[in-house]
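Notes follow once the structure below has been shown.
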Amino acid sequence: MDGTATRRTPAAGDHLRALYAEMRPHSLHPLWEVLSALVTPAPRSAARPHRWPYAPARDFLLRAGALISAEQAERRVLILENPALPGSSAVVPSLYAGLQLILPGEVAPCHRHTQCALRFVLEGEGAYTAVDGEKAVMRPFDLVLTPNWQWHDHGNPSDRPMIWLDGLDIPTVRFYEASFAERLERPSHDETLAPGDSLRRYGRNLRPMRGTAADRRPPGQPLFHYPHAEWRESLLALAAAEAPDPHLGHAMEFVNPADGGPVMPTIAAHLRHLPAGFETAPRRSTDGTVFVVVEGSGTALVEGEEHPLEERDLLVVPSWHALRLRARTRLILFAYSDRAAQEKLGLFREQRLPA
Ligand code: GTQ
């Protein structure tokens with residue numbers, strides 16, 4: 001109930017409530033009772049800021065690894081569910097986050113789906129994600145994409161466990177009721193190209209001439225591997241050349257070379273670098289964002305509430321929550337959000353607040 005109801009005479013109120021009760025079985029409801037909650041003057045996220053320290057999450061994941069195989073599970077993943085969205089499998093209303101484990105010798109069988117996914121490697125080296133039969137061999141803090149409807153399987157020929165963060169648009173696809181998925185009849189896709197081939201063909205401001213057989217990837221989504229060694233060099237070069245932005249620190253977006261836009265249709269990804277001792281001014285934006293600490297330590301202040309940041313910790317910052325970052329040592333963060341979808345829909349906004 002909002003304020004307007006209380007101004008009516010009790011008698012009128014009783015008649016209205018009786019009318020609502022009569023309408024309800026006809027699936028008809030008065031807008032004026034809910035309008036102010038539906039059309040809010042500013043976003044009121046149902047999600048809540050939350051931090052997952054890495055070590056305990058890793059322990060649970062390894063314990064699950066002793067009890068169920070990747071093959072049995074199809075994907076052996078612990079969902080990072082927002083504590084304010086129980087039962088949703090969502091980290092913010094539009095996005096999903098999970099921690100996936102592949103043990104030595106395991107294969108997570110090949111499938112494809114309309115959801116798009118990114119992987120951000122947290123631990124291990126030498127496991128791969130194969131996208132349409134081409135392996136991206138993964139190292140810590142590499143970003144690997146599996147754009148929607150591309151076949152993908154994961155495998156770990158190394159001798160150590162491999163753990164990465166999965167970021168998907170599962171809740172968005174669910175909202176649109178547009179989920180399709182298929183399993184390949186065999187566990188792994190045939191190897192169609194040598195590992196790293198797409199990175200060499202499409203990752204250097206070049207591409208095979210259009211219309212030739214060498215142009216092997218889908219035109220809108222040519223690149224799917226963004227290695228840590230490459231992105232870190234660019235980020236540190238920027239940090240050496242420029243003063244940090246007061247609200248963001250040094251910030252770089254991952255782009256899709258096909259169009260210069262975000263990496264996937266619904267999900268955008270970016271990096272932050274804060275020099276030791278630097279503190280950002282507060283900023284809020286409408287994109288719900290998941291952060292991963294790649295290097296260093298510090299503090300995130302979300303609406304003034306402190307969350308310590310240590311290497312590999314995960315932090316979710318929902319829409320329109322003011323974020324301030326404070327770097328104790330040099331701090332490097334990876335982030336993904338629903339900004340790509342919001343920009344297409346004309347919804348994205350950000351606000352830089354005074355320090
Ligand atoms: O690796 O394909 O965390 O399909 C959730 C759904 C991972 C995957 C997840 C998936 C995958």
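The values are calculated or read from the model by the stated rules, or taken from the named source; none is laboratory data. Keep in mind that this is a model prediction, so the values were computed, not measured. All Cβ positions, glycine included, derive from the backbone under ideal geometry; neighbour counts span all protein chains shown.
Mind telling me which of the residues ILE79, ILE68, ILE102 ends up being surrounded by fewer than 17 Cβ atoms within 10 Å (Cβ to Cβ) and either within 11 Å of the ligand (Cβ to nearest atom) or under 30 Å from TYR176 (Cβ atoms) (or both)?
The match here is ILE79.
Restricting attention to strands (runs of 3 or more DSSP E) lying wholly within the stretch 244-355, give those where 1 or more residues are of a type in the set (Phe, Trp, Tyr), touching a residue at least 24 places away in the same chain (Cβ under 8 Å) and within 30 Å of PRO219 (Cβ to Cβ).
Passing ranges, in order: 331-337.
Taking the criterion of being within 12 Å of the ligand (Cβ to nearest atom) and of a type outside the set (A, V, I, L, M, F, W, C), would at least one residue in the stretch 190-200 satisfy it?
no
Quick one: in the stretch 105-121, which of the residues that are closer than 24 Å to PRO265 by Cα and over 14 Å from the mean Cα position of the chain (by Cα) is surrounded by the fewest Cβ atoms within 10 Å (Cβ to Cβ)?
Filtering the stretch 105-121 for residues that are closer than 24 Å to PRO265 by Cα and over 14 Å from the mean Cα position of the chain (by Cα), the one surrounded by the fewest Cβ atoms within 10 Å (Cβ to Cβ) comes out as THR114.
What pairs come out if I take residues in the stretch 56-72 that are assigned to a loop (DSSP other than H, G, I, E, B) and pair them with residues that are buried (at least 18 other Cβ atoms within 10 Å of the Cβ) whose C-beta lies under 7 Å away, six or more apart or interchain?
Final answer for the pair search is ILE68/ARG76; SER69/GLU106.
Would you call ASP159 at pLDDT 95 or above and either on the phi > 0 side of the Ramachandran plot or part of a strand (DSSP E or B) (or both)?
no
Taking SER36 as the residue in question, decide whether it is surrounded by 11 or more Cβ atoms within 10 Å (Cβ to Cβ), farther than 23 Å from THR172 by Cα, of a type in the set (S, T, N, Q) and at pLDDT 95 or above.
yes
Which numbered condition in (1) part of a helix (DSSP H, G or I); (2) farther than 30 Å from GLU123 by Cβ is the only one that THR212 fails?
Status for THR212: all satisfied but (1).
Any idea which residue in the stretch 82-99 is nearest to the ligand (Cβ to nearest atom), counting only those that are small (Gly, Ala, Ser) and over 22 Å from PRO140 (Cβ atoms)?
By that ranking, first place goes to SER89.
Suppose we filter the stretch 112-128 for residues that are within 15 Å of the ligand (Cβ to nearest atom) and touching a residue at least 60 places away in the same chain (Cβ under 8 Å); how many remain?
10
I'm told LEU199 meets every condition in (1) out of contact with any Pro (no Cβ under 7 Å at 6 or more places or on another chain); (2) aliphatic (A, V, I, L, M); (3) assigned to a loop (DSSP other than H, G, I, E, B) except one. Can you identify the failing condition by its number?
Among (1) out of contact with any Pro (no Cβ under 7 Å at 6 or more places or on another chain); (2) aliphatic (A, V, I, L, M); (3) assigned to a loop (DSSP other than H, G, I, E, B), the lone unmet condition for LEU199 is (3).
How many residues does the stretch 162-185 hold that are part of a loop (DSSP other than H, G, I, E, B) and within 16 Å of the ligand (Cβ to nearest atom)?
Looking only at that region, the number is 5.
Please work out if ARG349 is farther than 26 Å from ALA237 by Cα, modelled with pLDDT of 95 or more and surrounded by fewer than 22 Cβ atoms within 10 Å (Cβ to Cβ).
yes
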